[in-house]
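Asks: A single structure is presented below for examination.
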There are 4 protein chains.
Amino acid sequence: NRPLVLIAGPCAIEDEALTLRIAAFLKELTTELGIGLVFKASYDKANRTSVTSFRGPGMTEGLRILAKVKAEFDLPLISDIHDISQIAPAAEVLDIIQIPAFLSRQTDLLVAAGESGKIINVKKGQFLAPWDMKNAVGKIESTGNDRILLTERGASFGYNNLVVDMRSLVIMRETGCPVIFDATHAVQLPGGAGTASSGQRQYVGALSRAAVAIGIDGLFWEVHENPDKALCDGPNSLPLQDLKGMLQDILAIDAIAKGHNGN
Amino acid sequence: NRPLVLIAGPCAIEDEALTLRIAAFLKELTTELGIGLVFKASYDKANRTSVTSFRGPGMTEGLRILAKVKAEFDLPLISDIHDISQIAPAAEVLDIIQIPAFLSRQTDLLVAAGESGKIINVKKGQFLAPWDMKNAVGKIESTGNDRILLTERGASFGYNNLVVDMRSLVIMRETGCPVIFDATHAVQLPGGAGTASSGQRQYVGALSRAAVAIGIDGLFWEVHENPDKALCDGPNSLPLQDLKGMLQDILAIDAIAKGHNGN
Amino acid sequence: NRPLVLIAGPCAIEDEALTLRIAAFLKELTTELGIGLVFKASYDKANRTSVTSFRGPGMTEGLRILAKVKAEFDLPLISDIHDISQIAPAAEVLDIIQIPAFLSRQTDLLVAAGESGKIINVKKGQFLAPWDMKNAVGKIESTGNDRILLTERGASFGYNNLVVDMRSLVIMRETGCPVIFDATHAVQLPGGAGTASSGQRQYVGALSRAAVAIGIDGLFWEVHENPDKALCDGPNSLPLQDLKGMLQDILAIDAIAKGHNGN
Amino acid sequence: NRPLVLIAGPCAIEDEALTLRIAAFLKELTTELGIGLVFKASYDKANRTSVTSFRGPGMTEGLRILAKVKAEFDLPLISDIHDISQIAPAAEVLDIIQIPAFLSRQTDLLVAAGESGKIINVKKGQFLAPWDMKNAVGKIESTGNDRILLTERGASFGYNNLVVDMRSLVIMRETGCPVIFDATHAVQLPGGAGTASSGQRQYVGALSRAAVAIGIDGLFWEVHENPDKALCDGPNSLPLQDLKGMLQDILAIDAIAKGHNGN
């Protein structure tokens, strides 16, 4: 029942300067609020809706920029990998290796990630039940690595829509793994814009407060200086200026949830 | 942004003595905690899974017992009606007339309920989108009655399961109507026990905290002295002894949500 | 494994002349094709999306027109009832009393319908699993009436959309009741037009062929002279001129399905 | 509107002798019935529920056995790849490269597969709408390869269950790509047995007839000599002795669907 950690950063590494400015902002804000921070940003978006979508700077350049974030701001790093060949270079730089939701049943990827010895964050597939995640945990644990995080990011609900079943936060915690709520991907409308995913930024605050009130270990937010101009996931990213007020509520709710005496 | 109200009571009126004991308990507890209370109990369960299920004492006897609760404890009353013919007698006794979820699109029932001049609580059908509820509101408002509550109690999610889409609490509030979260029906597993519905009482606390953190006007709980022996909805009813601790957390979260400065 | 029966007619009784013209057309067409026909039309649409939607001529006038259809064309009749008080007058005229999907769990309505001694057609609620329908059957059978039809018309699938789970046709047949596929309501998009339901007429043929290939006892279609001007359910109604070609395919598939030697 | 092709074979290559016996059986049966056959078998099951599940002989040994099937029976081959590194060796042996459903949005995999010049069969993700598949098509077509098949294998419907939305067969055909119905995976219950997927073999015939009645280009079945002892996907695999009767019905329905004059 340790205090909530924030995992935050831009969807993609758009360029070095922007990435560093966002990291600087987040570092200062979370230091002021007394909340732990893990910096997230993707170097390659491997499953965009359309073949012409922006993907990022690629692994080598992306990891270089992430290493600079770490050096400059002394922040732990998380990013996602999409292929076994990426694990070794990523493990050189990252503190947490993230398995994308669509890949959460790929046995070889989970096992290879586990063998890196890093902390592994597995996003629950949109097609999985929360109790199915014990099998993802088992695949990683087969390598002797038991430092595993599980992330809720919504379940398929009809077409081009996701629903967050808040029971999943309780159920996944029964594995013993810390549970993260990825509020900004949970409000995506996958494929909702025809050749891109759309999103509903306006519900991120409500869903985040809800998840924190249940009791979670971490909150995952994509943020941007100007979400409407973001090259990726803009419709569901939060503007930096909203974060402070949202986090103050969330910290207050977290304190209640962590000391709660109901069921 | 007024403080949360609790709507609580047994699923069905099993007998007069038990109903009065539960009302007494709830009155004392909510007075101690400083939370508003509306007493709920059904006189007839009109849509049980099986024809042999317990249904309650019937309207006449049930309304007599409810009137006694009101007289003895000075509590506002809510109960559900299933047929136009029930509205007039129910309106003699009740403060709030409730439209069951399955009947939430029955135009004549909504209109006749609206014409009673009572406050009307419409439960959102398991088959409706939250934005569809503006049409239920329109049916009641066509009578000149605009004292309308909207209640979330879960949406169909595959078979024999419901999911609470917490976005619905925000969306339904955009109608201007107070929004209630019915946490104990939301954890039902409809038909999940073959000839009865099952339920998951263990998630009521988590889902209630979540909904309150989003910001709602009322919380709806079915409670019982001994849920495992309840004649109706036992698997999703809360035992009386759990209520105090759960409500203390909830009141603390409500205070944060009502003064919240995030989005 | 008797040949398929067609249940067809307009969504609502718009006026007497149109109703008789449609009945005449259907009688001639089905006689030519050698397919059994039950005429359907509703006298009151009790659960339209909006309070201002067209509802029909009402019960008394509607039953008068239906009686005329029967007298003139010697056709069995089916229509839906929404309240116990409608059962006695409806049973004077109708051969089959239909329970609307939203009301498929209302015990008193099912029991009262059963007591009429008429054939009862229960539409499966959009919120029910196919195996749940054994409970609807049990409620009617408790009256000693075992002439029961079960109708598939789609299940809730996210918001404002239905999906037909074709397994349900097989599962409901295990009750021993004849199974009907209501293809025109299955392609509704409930509430999809904001203050009205929309529909996808273009998939009725495909879904109908699919259901018949599985093996069903009856096919339910709403039809109209000019669906785009229909006062109710136009977007999912079939134009009369399409019926012959569609039915020829369907009869050919039915013959294969009824004599099938696979599983 | 060419006649239906059958894609069939065991889930996994369990051993060489069994694989060849199944291929021999299928070759003889489809020759007798006059139906085109593509042989399918997987050399590696990369996303089994549990880390201890059987996976197959691996790529090198598996492709050797598949090459032997081709040499001995002159059959076109399809198998699935899970990683870009597998495409070149697989393309040496296979006629059709299959993209697994979970990987249907992985841009690099789709593009690399397209660049092989082979026919590419993309299984629609359980989390995708049928109209989303135009984006998968676009990714492959960006390589200049337009020989693309799209396969329906069910959509997420609540937890541990899939539903086949038969409208998807019509919608995906609008891309211009041939559409395959994978009936044996469509009846899987993913994760339904805790540490394995379960399945409902008893509905394969019904769903296959339904899809063929709508009009499809190919039917995909996993088959086995003894499904109850299969090392993979046994609960949803068909026993060889059932195939002939099932296919006779299906061919008769296909002939009607392909010359159909309804909509």
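Asks: Within segment A:93-108, count every residue that is more than 26 Å from residue A:72 (Cβ to Cβ), under 18 Å from the mean Cα position of the chain (by Cα) and not polar (S, T, N, Q).
Replies: 6
Let's see how each residue does on (1) over 16 Å from residue C:244 (Cα atoms); (2) out of contact with any strand residue (DSSP E or B) (no Cβ under 7 Å at 6 or more places or on another chain):
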residue	(1), (2)
C:14	yes, yes
C:25	no, yes
C:28	no, yes
C:43	yes, no
C:47	yes, yes
C:78	yes, no
C:88	yes, yes
C:98	yes, no
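Asks: Tell me, please, whether a residue that is closer than 20 Å to residue D:245 by Cβ, surrounded by 17 or more Cβ atoms within 10 Å (Cβ to Cβ) and among the charged types (D, E, K, R) can be found in segment C:245-260.
Replies: Yes, segment C:245-260 has at least one match.
Asks: Restricting segment A:4-25 to residues that are β-branched (Val, Ile, Thr) and more than 10 Å from the chain's Cα centre (by Cα), which is surrounded by the most Cβ atoms within 10 Å (Cβ to Cβ)?
Replies: A:13
Asks: Further question on the same structure: Those residues that are surrounded by fewer than 19 Cβ atoms within 10 Å (Cβ to Cβ) and touching a residue at least 24 places away in the same chain (Cβ under 8 Å), I need them from segment C:120-140; list them, please. First the steps, then the outcome.
Replies: Step one: of segment C:120-140, the residues surrounded by fewer than 19 Cβ atoms within 10 Å (Cβ to Cβ) are C:131, C:138.
Passing the criteria: only C:131.
Asks: With the checklist (1) at the interface with another protein chain (Cβ under 10 Å from one of its Cβ atoms); (2) charged (D, E, K, R); (3) crowded, with 24+ Cβ neighbours inside 10 Å in hand, flag the one item residue D:222 doesn't pass.
Replies: Result: residue D:222 passes all but (1).
Asks: So the check is Cβ under 8 Å with 6+ separation or different chains; which pairs have a first residue in segment C:18-40 that's under 21 Å from residue C:216 (Cα atoms) and touching a residue at least 40 places away in the same chain (Cβ under 8 Å) and a second one that's surrounded by fewer than 18 Cβ atoms within 10 Å (Cβ to Cβ) and among the basic types (Lys, Arg)?
Replies: Hits for this filter: C:29/C:244; C:33/C:244.
Asks: Looking at residue C:51 and the list (1) aliphatic (A, V, I, L, M); (2) outside any loop (DSSP other than H, G, I, E, B); (3) more than 18 Å from the chain's Cα centre (by Cα), which single condition is not satisfied?
Replies: It fails just one condition, (2).
Asks: Name the residue that is farthest from the other protein chains (Cβ to nearest Cβ), counting only residues in segment B:103-119 that are in contact with a Leu (Cβ under 7 Å, 6 or more places away or on another chain) and closer than 26 Å to residue B:167 by Cβ.
Replies: Once the filter is applied, the top-ranked residue is B:119.
Asks: Now for a separate question. Which pairs have Cβ atoms under 8 Å, sit 6 or more apart or on different chains, and link a residue in segment B:246-260 that is more than 7 Å from chain A (Cβ to nearest Cβ) and in contact (Cβ under 8 Å) with a residue 40 or more places away in the chain to one that is basic (Lys, Arg) and crowded, with 20+ Cβ neighbours inside 10 Å?
Replies: Pairs that qualify, where the first residue is more than 7 Å from chain A (Cβ to nearest Cβ) and in contact (Cβ under 8 Å) with a residue 40 or more places away in the chain and the partner is basic (Lys, Arg) and crowded, with 20+ Cβ neighbours inside 10 Å, are B:250/B:209.
Asks: Is one or more of the residues making up segment B:175-184 closer than 22 Å to residue C:190 by Cα and modelled with pLDDT of 95 or more?
Replies: yes
Asks: With respect to residue D:68, determine if the residue is surrounded by fewer than 21 Cβ atoms within 10 Å (Cβ to Cβ), basic (Lys, Arg) and either within 16 Å of residue D:12 (Cα to Cα) or out of contact with any strand residue (DSSP E or B) (no Cβ under 9 Å at 6 or more places or on another chain) (or both).
Replies: Here the answer is yes, as residue D:68 does meet what is asked.
Asks: I would also like to ask the following. May I ask you to list the residues in segment A:149-203 that are among the small types (Gly, Ala, Ser), over 16 Å from the mean Cα position of the chain (by Cα) and under 18 Å from residue B:130 (Cα atoms)?
Replies: A:156, A:158
Asks: Related question: Determine, yes or no, whether residue B:183 is closer than 23 Å to residue C:105 by Cα and in contact with a Phe, Trp or Tyr (Cβ under 8 Å, 6 or more places away or on another chain).
Replies: Details: closer than 23 Å to residue C:105 by Cα: yes; in contact with a Phe, Trp or Tyr (Cβ under 8 Å, 6 or more places away or on another chain): yes.
It is true that residue B:183 is closer than 23 Å to residue C:105 by Cα and in contact with a Phe, Trp or Tyr (Cβ under 8 Å, 6 or more places away or on another chain).
Asks: Collect the residues in segment A:10-44 that are under 20 Å from residue A:180 (Cβ atoms) and in contact with a His (Cβ under 9 Å, 6 or more places away or on another chain), keeping them in residue-number order.
Replies: Within segment A:10-44, A:10, A:11, A:22 meet the criteria.
Asks: Now for a separate question. Collect the residues in segment A:97-111 that are surrounded by fewer than 20 Cβ atoms within 10 Å (Cβ to Cβ) and of a type outside the set (Asp, Glu), keeping them in residue-number order.
Replies: A:111 - this is the single residue of segment A:97-111 that is surrounded by fewer than 20 Cβ atoms within 10 Å (Cβ to Cβ) and of a type outside the set (Asp, Glu).
Asks: Right, here's the next one. Looking at the structure I just gave you, is residue D:132 closer than 24 Å to residue D:169 by Cα, within 14 Å of chain A (Cβ to nearest Cβ) and out of contact with any His (no Cβ under 7 Å at 6 or more places or on another chain)? Break it down into steps so the answer makes sense when it comes.
Replies: Working: closer than 24 Å to residue D:169 by Cα: yes; within 14 Å of chain A (Cβ to nearest Cβ): yes; out of contact with any His (no Cβ under 7 Å at 6 or more places or on another chain): yes.
Taking the combined requirement at face value, the residue satisfies it.
Asks: Take residue B:105 and decide whether it is basic (Lys, Arg) and touching a Ser or Thr at 6+ places or on another chain (Cβ under 9 Å).
Replies: yes
Asks: Inside segment D:29-75, can you point out the residues that are acidic (Asp, Glu) and more than 12 Å from chain A (Cβ to nearest Cβ)?
Replies: Listed by number, the residues that qualify are D:32, D:61, D:72, D:74.
Asks: Still on this structure: Give the residue that is nearest to the chain's Cα centre (by Cα), with candidates limited to residues of segment C:31-48 that are over 30 Å from residue B:134 (Cα atoms) and assigned to a strand (DSSP E or B).
Replies: The residue in question is C:40.
Asks: What is the number of the single condition among (1) within 19 Å of the chain's Cα centre (by Cα); (2) in a helix (DSSP H, G or I) that residue A:28 does not meet?
Replies: Status for residue A:28: all satisfied but (1).
Asks: Any residue in segment D:226-238 that is more than 10 Å from every other protein chain (Cβ to nearest Cβ), out of contact with any Ser or Thr (no Cβ under 7 Å at 6 or more places or on another chain), crowded, with 18+ Cβ neighbours inside 10 Å and over 28 Å from residue D:192 (Cβ atoms)?
Replies: No, segment D:226-238 has no match at all.
Asks: Also, I was wondering about something else. Checking residue D:79 against (1) loosely packed, with under 15 Cβ neighbours inside 10 Å; (2) more than 20 Å from residue D:229 (Cβ to Cβ); (3) of a type outside the set (A, V, I, L, M, F, W, C), which test does it fail?
Replies: (1)
For (1) crowded, with 24+ Cβ neighbours inside 10 Å; (2) more than 20 Å from residue C:101 (Cα to Cα); (3) within 13 Å of chain D (Cβ to nearest Cβ), each residue gets a yes or a no:
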site: C:190; (1), (2), (3): yes, no, no
site: C:202; (1), (2), (3): no, yes, yes
site: C:209; (1), (2), (3): yes, yes, yes
site: C:213; (1), (2), (3): yes, yes, yes
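Asks: All but one of (1) modelled with pLDDT of 95 or more; (2) in contact with a Pro (Cβ under 6 Å, 6 or more places away or on another chain) hold for residue D:204; which doesn't?
Replies: With (1) modelled with pLDDT of 95 or more; (2) in contact with a Pro (Cβ under 6 Å, 6 or more places away or on another chain) applied to residue D:204, the lone miss is (2).
Asks: Do the conditions hold for residue C:87, that is, is it surrounded by fewer than 22 Cβ atoms within 10 Å (Cβ to Cβ) and in contact with a helix residue (DSSP H, G or I) (Cβ under 6 Å, 6 or more places away or on another chain)?
Replies: When the stated conditions are applied, residue C:87 passes them.
Asks: Examine segment A:143-158 for a residue that is aromatic (Phe, Trp, Tyr) and more than 10 Å from every other protein chain (Cβ to nearest Cβ), and state whether such a residue exists.
Replies: Taking every residue of segment A:143-158 in turn, none turns out to be aromatic (Phe, Trp, Tyr) and more than 10 Å from every other protein chain (Cβ to nearest Cβ).
The values are calculated or read from the model by the stated rules, or taken from the named source; none is laboratory data. The model shown is predicted, which means the values in this text are computed figures rather than measured ones. Cβ sites come from the backbone with ideal geometry, for glycine too, and all protein chains shown count toward neighbours.
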